[in-house]
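Worksheet: the structure to be examined is printed underneath.
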């Protein structure tokens, strides 16, 4: 049969090395200074136009290499590009481990870092960004540097308010972005009601953000993916780093152990003594603190095996005791424990096996004049995951994997000593994916993949094809496109202004999982090693959306998702992102612009009419820059965005309150989010000075958030107590200066 | 660099973030017809209040909002109850005949204004509701401490019955209804019947202005009365003296309105930072407002300081 013959031919083309007697080059790439593995490192053989990218464990393999002498180039951003010459013989599988050195900065007339090109992922995938921990720490911030707040400065990402670290990516809400820490989902990545994220900046090693069209290896959310990897620890020597800010102190220690390394880091606020002193003076202020802890332990068990165990736990604790009968207590936190075993089955087959345990708990307890109210939400996620990278040929890498997650959700609501809600669900999620990275021609790279998932609640089976394509129009200029289907089974219950004791609930059989269809098309131009320009358009179509029904009567037995959520929503997000970046030199930074639209429509909301979510922004401009001069580093961030949407009052009327019969003056809400607050803009500046501290490196910093103290609008309330309706605008933060100290030893 | 920075700062300082209140109002929806009718089972058909919306930027007065001259009628099966406008109170229409509201019955409202606009709505009244027990529970064990007297037993004398004298915040007061009715929700309401009894709230954290805002009546969001039991939250009681505690079994229109009413804050989660300010569900054709019904029963007791 011609069809069968064609299929065999195609399979042979994929799985059989094209060159007989071909050699294979493989190994791990690490940081020479501390032995940390380096993912997303480019290993290229320019003469052969062959190359690959190291995986999440820093492993790479290039197959199908002809015997002979070859020049190999290894590059990673922030590291000195390494050129080596290797002699390969026929059928050889050469294990070649590489240690890359951090490029020292020569503080002469011009700072020079040897050109390093961004990883292959940049070239292949639309909407992909990485953020270096060092860059993040230099960005001006309130209190201290923060990962999620730094990401909000990238085009296509918005913040809901000055105190929100929630990520609103390409027209999606914070629940539409999957956040992973060391491959484990974090269900609430915020401290202090969103003021800070749970990520300790010292512990972060690598941050990858897919703003959309993320590959088949990931799933579970409609929009974006943030993948944060913590440091594994210094394999060379005992070292540490830390910092003191106005809000918290943090310390990281790491060092070698056995055949691996360990890392421990902790952070805690020290506001409590201050708040306690204020309370002692008679003022009504709450007691509040948060802490988090990261730990990692890795051991190389042989040339082909590595075991990594990591953990995170963090907690926010708020107590507001007004008197014996009236108090408010809120605790929330995440805990994760992950074991990862990496095994090299052969030079061309790499496997990663993960057992992960992640929990999130949020407890709200309040009493109002002797009437107790309790909210209790917990999520337990026990996952087993296996990922395989098969380096078929130099131009083909097949990745495949399996995921099995056992969830346990509880949500209880008790009012006046009566349980009103008692949701308990224990669904399973099973997923499998396969993905082929194919260098179809020297100029064209294609990534085809598909993900299958099965969610036991409602017995939902989903097929999610994904693709991305990049084509090099000319050296440095790439056309990229991609698309995919995404499903989401879990819903976040939060408010758009800030995040705190958020709740997560799964969708049961009564509601279909939300679904999105994403597409993106962009041009990426690496003008030089110093400059990069990009333009990218995106369009996401969403259906089967669910939104928490704020008006639900949380007081029914056998409550189902359809009782708690407004369902059958549709929506879209479309936009254009422009990005210009200067990556090297004394002056570094970027300028980003986003033109965007996003809309939602639910039969039960806004009389069925389409409306923009609050975070819809027509224009969003951000400038972020740093200038290094001798021991000083100066930073500047400027943000401008269209004002957020809000629901205005369209009229005033009187109606008797049901039950009491009291005549009540009311403002009549117009169409949902049909008006705009004033445009948001803000300028932040900062300065850092490096100095020696008892033989260690240290930096003192001064940062000023909102330098010109623009009182940006937050939300509007209407007061109808007087005959004239009085709209009150609640403003966001004024100027906030802060200072602190970072050190490293 | 400093020069440019100074210019940028000066430019943005000029961009003040304050504006006129009128700019914060949305597309105007003035002159919408507002219907206000609440039928109570077994009570006479109530007056119909008709008014119109005014622009939010103008001064609101009842006189300016009242809608006069309308033709108003309530239909029940083949019966039509006509309404006439109260000459003493513009916008208030009274039934021409005294007719009791029936349980489990469909009522339709029809209004025709002088400019020809028509407003229609309908409500299906709930079944009768009957409170059979009023208990004071122990806060810890939730076991009954004692049973209070009902209106059916003592009439208005319940307020003075020894069993119905309860100390502020001691125990939990629970009313039990005969049987649950097929309705979407219940609503609880509390009325302090005194005019100048003592405020029982003694909280250091409240200012005098806060204390002045405590009212002698209040209503709950929509609730389920599970197993026929409804508990009175103590935060609803602020004053000493006689109290009437009512349980309303409400129809769909009543339920839709109170669950979506931004002033009532709904009954659910969230609702912060303006998220709750969304248009209520009115179920009125040609206008907004409330044409709804409920059956109600009540109990009485006296709160001692």
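Of the candidates A:27, A:78, the single residue that is on the phi > 0 side of the Ramachandran plot, surrounded by fewer than 23 Cβ atoms within 10 Å (Cβ to Cβ) and modelled with pLDDT of 85 or more is A:27. Would you say residue A:349 is under 29 Å from the mean Cα position of the chain (by Cα) and in contact (Cβ under 8 Å) with a residue 40 or more places away in the chain? The answer is yes for residue A:349.
If you check A:223, A:194 for being under 22 Å from the mean Cα position of the chain (by Cα) and either under 30 Å from residue B:204 (Cα atoms) or at pLDDT below 85 (or both), only one passes: A:194.
Candidates in the range B:38-56 are the residues that are in contact with a helix residue (DSSP H, G or I) (Cβ under 9 Å, 6 or more places away or on another chain) and at the interface with another protein chain (Cβ under 7 Å from one of its Cβ atoms); of these, the one that is modelled with the lowest pLDDT is B:56.
Here is the figure for the range B:155-186: residues that are within 14 Å of another protein chain (Cβ to nearest Cβ) and under 25 Å from the mean Cα position of the chain (by Cα) total 13. Taking strands (runs of 3 or more DSSP E) as the structural unit, those lying wholly within the range A:49-91 and holding at least 2 residues that are in contact (Cβ under 8 Å) with a residue 24 or more places away in the chain and more than 22 Å from residue A:344 (Cα to Cα) correspond to A:68-75. Screening the candidates A:683, A:707 for the property of being touching a residue at least 12 places away in the same chain (Cβ under 8 Å), facing chain B (nearest Cβ under 8 Å) and not in a strand (DSSP E or B) yields one hit, A:707.
Residue A:692 fulfils the conditions (1) free of Cβ contacts under 8 Å to residues at least 40 places away in the same chain; (2) on the phi < 0 side of the Ramachandran plot; (3) not in a strand (DSSP E or B) except for a single criterion, (3).
Each row is one residue, and each column tells you yes or no for (1) without any contact (Cβ under 8 Å) to a residue 60 or more places away in the chain; (2) more than 10 Å from chain B (Cβ to nearest Cβ); (3) surrounded by 17 or more Cβ atoms within 10 Å (Cβ to Cβ); (4) in contact with a strand residue (DSSP E or B) (Cβ under 8 Å, 6 or more places away or on another chain).
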position	(1), (2), (3), (4)
A:614	no, no, yes, yes
A:635	no, yes, yes, yes
A:638	yes, no, yes, yes
A:665	yes, no, yes, yes
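Out of B:178, B:212, B:161, B:236, I need the residue that is over 29 Å from residue B:291 (Cβ atoms) and either in contact with a strand residue (DSSP E or B) (Cβ under 8 Å, 6 or more places away or on another chain) or modelled with pLDDT of 90 or more (or both). Which one? Answer to the check: B:161.
Scanning the range B:243-264 for residues that are over 11 Å from the mean Cα position of the chain (by Cα), assigned to a loop (DSSP other than H, G, I, E, B) and facing chain A (nearest Cβ under 9 Å) yields a total of 1.
Residue-by-condition table, conditions (1) out of contact with any strand residue (DSSP E or B) (no Cβ under 7 Å at 6 or more places or on another chain); (2) not assigned by TED's automatic domain parsing to the domain that holds residue A:483:
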| position | (1), (2) |
| --- | --- |
| A:192 | no, yes |
| A:201 | yes, yes |
| A:209 | no, yes |
| A:212 | no, yes |
| A:233 | no, no |
| A:242 | no, no |
| A:250 | no, no |
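Reported count of residues in the range A:648-673, each being part of a loop (DSSP other than H, G, I, E, B) and in contact with a helix residue (DSSP H, G or I) (Cβ under 9 Å, 6 or more places away or on another chain), is 7. Checking each residue in the range B:4-37 for being facing another protein chain (nearest Cβ under 7 Å), part of a helix (DSSP H, G or I) and at pLDDT 80 or above picks out only B:24. Looking only at residues in the range A:346-369 that are part of a strand (DSSP E or B) and within 14 Å of chain B (Cβ to nearest Cβ), the one that is surrounded by the most Cβ atoms within 10 Å (Cβ to Cβ) is A:362. Within this structure, residue A:589 passes the test of being at positive phi and either buried (at least 18 other Cβ atoms within 10 Å of the Cβ) or within 14 Å of chain B (Cβ to nearest Cβ) (or both). Every test in (1) modelled with pLDDT under 95; (2) under 27 Å from the mean Cα position of the chain (by Cα); (3) within 30 Å of residue B:193 (Cβ to Cβ); (4) in a loop (DSSP other than H, G, I, E, B) is passed by residue B:103 save one, and that test is (1). Residue A:721 fulfils the conditions (1) over 30 Å from residue B:262 (Cβ atoms); (2) outside any strand (DSSP E or B) except for a single criterion, (1). Against the test of being part of a strand (DSSP E or B) and buried (at least 20 other Cβ atoms within 10 Å of the Cβ), the options A:308, A:373, A:317 yield a single qualifying residue, A:308.
The values are calculated or read from the model by the stated rules, or taken from the named source; none is laboratory data. Since we're looking at a predicted model, the values are computed, not measured. Methodologically, a virtual Cβ is constructed for each residue, glycine included, from the backbone with ideal geometry; neighbour enumeration extends over all protein chains shown.
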